[in-house]
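The values are calculated or read from the model by the stated rules, or taken from the named source; none is laboratory data. The model shown is predicted, which means the values in this text are computed figures rather than measured ones. When we count neighbours, we look across all protein chains shown, and the Cβ atoms used for this are built from the backbone with ideal geometry, even at glycine. Calculation scope for accessible area: heavy atoms of the full protein, side chains included, ligands and nucleic acids excluded. Shrake-Rupley method; radii C 1.70, N 1.55, O 1.52, S 1.80 Å.
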Amino acid sequence: MTGDQPGSPPTRPGLVRTLQDRFGHLVRELSKFATVGGIAFLIDFALFNYLTTVRDVEQVTAKTISTVIAASVAFVGNRFWTWRHRKRSNPAREYALFFFFNAVGLGIAVACLAFSRYGLGSVWPEVFQTPLADNIASFIVGTGLGTLFRFWSYRRFVFVEAGNHPVPEAAHDRPPGA
């Protein structure tokens, strides 16, 4: 039964349609977030490797510099594309919170890099004190964990949901006028 005929009950949407209606906005946000993050990742990756190999900057310092620059690009992309539909609060507040949460994400990536290079590297330096190990620890493990944290924190605290959510009307125990 399709529900298109007069008097017939409306049909319920299929599972895919229900999921799309319920989570479609989240999928769109996540896709945009991933695109902005991918661009910021490429900037971070290229700058980190340039600083460590060409400019001979120490790894943790290079990671800090590359992340701050990539985070600035990510802020602009997320504010004006990913979450442009959300209410804008004080821009200074957004920027400060964005960089605070980015600092936590940076801490996650740097901790992964430091653990690999200096912790595991002290035990097995020929494996964990190499450019490949630095890139895996920093960009795969560190950035992966940091990205999960950033998406949650930006969505929850930085680029807040626009407006108020409707509150369902309370059910009355007795009929009106009783």
(message) I'd like the FRET efficiency for Asn90 and Phe149, computed as 1/(1 + (r/R0)^6) with the beta carbon distance as r and R0 of 25 Å, rounded to 0.05.
(response) 0.60
(request) Could you pull out which residues in the range 117-136 have an amide N less than 19 Å from a spot 7 Å beyond the Cα of Phe41, following the Cα-Cβ vector? (result) 132-136
(request) Work out from phi, with θ = phi - 60° and the Karplus expression 6.51 cos²θ - 1.76 cosθ + 1.60, the ³J(HN,Hα) of each residue of the range 118-129, listed in order in whole Hz, and give x for Gly and Pro. (result) 9, x, 5, x, 6, 8, 9, x, 5, 9, 9, 10
(request) Figure the gain on full extension for Leu15 and Leu120 (residue separation times 0.36 nm, minus the Cα-Cα span) and round it to one decimal in nm. (result) 33.1 nm
(message) Around Phe149, under 14 Å between beta carbons, what's the net of Lys plus Arg minus Asp minus Glu among the other residues?
(response) +3
(request) With only Lys, Arg, Asp and Glu charged, each at its Cβ (+1 for the first two, -1 for the last two), find how big the charge dipole of the range 50-126 is about the Cα centre; round to the nearest 20 debye. (result) 640 debye
(message) If you average the C-alpha positions of the range 82-120 and of the range 47-72 separately, how far apart do those two centres end up, in angstrom?
(response) 16 Å
(request) Measure off, as a whole percent, the carbon and sulfur share of the 1.4 Å-probe accessible area of the range 23-135, all protein chains present. (result) 73 percent
(request) Starting from the amide H of Val57, placed 1.01 Å from N in the peptide plane, find each other amide H under 5 Å away whose residue is 5 or more places distant or on another chain. (result) Thr52
